[in-house]
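The values are calculated or read from the model by the stated rules, or taken from the named source; none is laboratory data. Everything numeric here is computed off the predicted structure, so don't read it as measured data. Cβ sites come from the backbone with ideal geometry, for glycine too, and all protein chains shown count toward neighbours. Note: areas computed on protein heavy atoms with side chains; ligands, DNA, RNA excluded. Shrake-Rupley method; radii C 1.70, N 1.55, O 1.52, S 1.80 Å.
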Amino acid sequence: MKENPVKNNTLISVLLALIVFSISANAQPQSVINLPQDSRVPGGLAVIPLNATSIDKDISFKGKPVWQLKDHANNHWAVIGIPLSQKAGKVDFKIDGKDHSFTIKDKAYKEQYLTVKRKHSNPPADQIKRIQKESRLSQKAFTTFSDTGKNSTFKGFLKPAQGPTSSPFGLKRFFNEQARRPHSGLDIAAPRGANIIAPADGEIILTGNFFFNGNSIFIDHGQGLITMYCHMDKLDSQQGDVVKAGDIIGKVGSTGRATGPHLHWTVSLNNNRVEPLLFLAEPTN
Ligand SMILES: [Zn+2]
């Protein structure tokens, strides 16, 4: 470069400044995840910066307490799970009773048509009581809000099973031509017996064999962040177990309403099922 005739030093300075700028812009550590990904759509997340005076305030969304955390630079944030049924537009949340708002954009999720066994499409009458009981247990788990982890940092989730996505979160599904609720989790295709790991530290608050979901586990990660694993072949853990990120909690299977072995993974925040990919530390397919 120095052999080239350059008319003034200003040009060199500008070029150097550009090179230094582009290097520093690319030099951010990719492996350090400070926060889940902001995505203000139905089934997404609002990641909201809090000023210093908002620390340890009472923050709520639709009457439910909200996850508060710190990033690695000690900034404070609130993370709100947005319901899949949320209409686009302005939505309110509260800080110490005072209204604040953010705006939600629409998202067109894909549609899928499936043919399933009649038994599971319309459950038999003698299973209704069981299904209702399981629904109550699941609701109780999803509405858990433990104060552990308040204002701690977020490390990013590990992917709980290895394999491609066989059914994305939010998919609008039709079983035997009947519209069902949209897909509230992410399906990972993996062979029967493959390991399922805890994506982050937490406590197992519910396990069981459910009519629709088969062998299932719920993990409480604190601050209203709950994850659920379904259709498991085998449970390698039980209620009350404390798990660390990466611990094996069970094996992939096809128990319950499943057409083949896969892991159905649900992430719930402030009792709203949200896109699990927004929490992953590593980009995925
Ligand atoms: Zn699923």
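Descriptive notes on the structure:
- Against the rule of thumb 2.2 N^0.38 Å, how large the Cα Rg of segment 59-148 comes out: 1.56
- Per-pair calculated FRET efficiency, R0 = 41 Å: Ser85 and Val242 via Cβ, rounded to 0.05: 0.75
- Theoretical FRET efficiency, 1/(1+(r/R0)^6), r = Cβ-Cβ of Asp96 and Lys155, R0 35 Å, to 0.05: 0.75
- Of Lys150/Lys172; Lys64/Lys133; Lys107/Lys129, pairs whose Cα-Cα distance is over 25 Å: Lys150/Lys172; Lys107/Lys129
- Solvent exposure of segment 111-279, expressed per residue, is 46 Å² of accessible area, with all protein chains present and a 1.4 angstrom probe.
- The packing ranking, built from the mean of other Cβ atoms within 10 Å per residue, places the peptides 191-197, 39-45, 102-108 in the order 39-45, 191-197, 102-108, highest first.
- Reducing segment 84-144 and segment 147-192 to their Cα centroids gives an inter-centroid distance of 13 Å.
- With all protein chains modelled, accessible area of Lys98 [1.4 Å, Å²]: 140
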